[in-house]
Each structure stands twice: as structure tokens, then as C-alpha cells.
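What follows is a short report on a single structure.
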């Protein structure tokens, strides 16, 4: 790709953007700090030869790897949700019919929370009867809203979000186009 000679530093941001890499991702791959990449790209630092070698090596490796998968390749469409005013029983029925273990909760077209089998069962395990939990309104037991990412976000970047969330909502512009859950990730063939 680069032959035996290193190209100019101006190639770093150009190639990084062509490959769809963020400065942070390139930094991790090259084993340097994101701030040094920002300074190199801004022209405010003269990096050592070894740093430049590592950056171009990381860019070259990224160029020969398969292109990063994007979240929109794996999402479930459309977004199936419940309203905060619905009964938990209705949410459970919907989850059972659709084979989902969690649902986003919407009000006036925006996500205001989430509800999961785990949350429902946790409430029952703390001493409330399952029947009384099922009779509650969703708003009374819902968890935090799911995070939202852009449809062109590389899949690798949302794996961290899925460690602490049941799923992520996926938007394209102002429109929600789908949801990505842990089970969607586990279904992928790489």
C-alpha cells in the first residue's frame, strides 16, 4: 500500500477517513494516544519516526481487513415498543409473541425508558407477587431509555454499549429505523 517509503503526514487523516476509522480507533490499533493523532492531523506536532511507522502500519492493517460491519446490517425492524401507560401484562404478552426479552418504552414518539423480562422477574423475586407486578403500569417499573446510535456506526463501537444496556436504538437522521440487541449480535456469522 505504501511501498518502502512513508507518505506524507497529510495522508494520515485522508486514509483514516477513507477507512471509516475514528482517531480513537486508530489510536488503539496503533498503540498511541488519540491526542497525538489529533495534533498530527492539525499539524501542531512533529511526531517521531516510530509513531509515524505505527500509524501507517495500523492504517495498512485496517485497509486489508474486511470492512467494518455496521449496525444497520443487523438491526431488527421495525422497532416494537410499548407505551408507559400500558400494563406490564401487555408488555409481557408482546414480548412473548415476538420472542423478545426487552422492549423500549415510548411516549410522544420518543424513547423514555425500557422494560425487560429481567426487571419484571427481579420485582417478583423481591417479594411482590408476579400477578401484582403484571398489573402495574409500565412506567412504574421501567428502566432507563436505550441509547441511540446512527445507522452507519461500526458494530465494534456498540459492543461496549451492549455490555450495560439490553439493546440500542438505531436512527438514520431524525428517524428511528431499528433496534440492535445482544441476541442480534450473537446471531451474526463472521
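The values are calculated or read from the model by the stated rules, or taken from the named source; none is laboratory data. Bear in mind the structure is a predicted one, so any value in this text is a computation, not a measurement. Counting neighbours? That spans all protein chains shown, and the Cβs are built from the backbone with ideal geometry, glycine included.
Go through region 140-149 and report how many residues are over 8 Å from residue 71 (Cβ atoms) and either out of contact with any strand residue (DSSP E or B) (no Cβ under 9 Å at 6 or more places or on another chain) or in a strand (DSSP E or B) (or both).
3
Given the criteria touching a residue at least 24 places away in the same chain (Cβ under 8 Å), outside the structural domain of residue 19 (by TED's automatic domain parsing), within 19 Å of residue 90 (Cβ to Cβ) and outside any strand (DSSP E or B), does residue 112 qualify?
Answer is no for this residue.
Applying the selection to region 158-170, what residues are farther than 9 Å from residue 71 by Cα and surrounded by 15 or more Cβ atoms within 10 Å (Cβ to Cβ)?
Listed by number, the residues that qualify are 161, 162, 165, 166, 167, 168, 169.
Among the residues of region 166-183, how many are in contact (Cβ under 8 Å) with a residue 24 or more places away in the chain and not in a helix (DSSP H, G or I)?
First, pick out the residues of region 166-183 that are in contact (Cβ under 8 Å) with a residue 24 or more places away in the chain: 166-170, 172, 176-181, 183.
Narrowing further to those that are not in a helix (DSSP H, G or I): 166-170, 172, 176-181.
Total meeting the criteria: 12.
Name every residue in region 1-19 that is farther than 16 Å from residue 43 by Cα and at pLDDT below 80, in order of residue number.
1, 2, 3, 4, 5, 6
Just the residues that are out of contact with any strand residue (DSSP E or B) (no Cβ under 9 Å at 6 or more places or on another chain) and part of a loop (DSSP other than H, G, I, E, B), please, taken from region 117-139.
Passing the criteria: 126, 127, 128, 129.
Assess whether residue 145 counts as being in the same structural domain as residue 163 (by TED's automatic domain parsing), exposed (fewer than 14 other Cβ atoms within 10 Å of the Cβ) and within 18 Å of the chain's Cα centre (by Cα).
no
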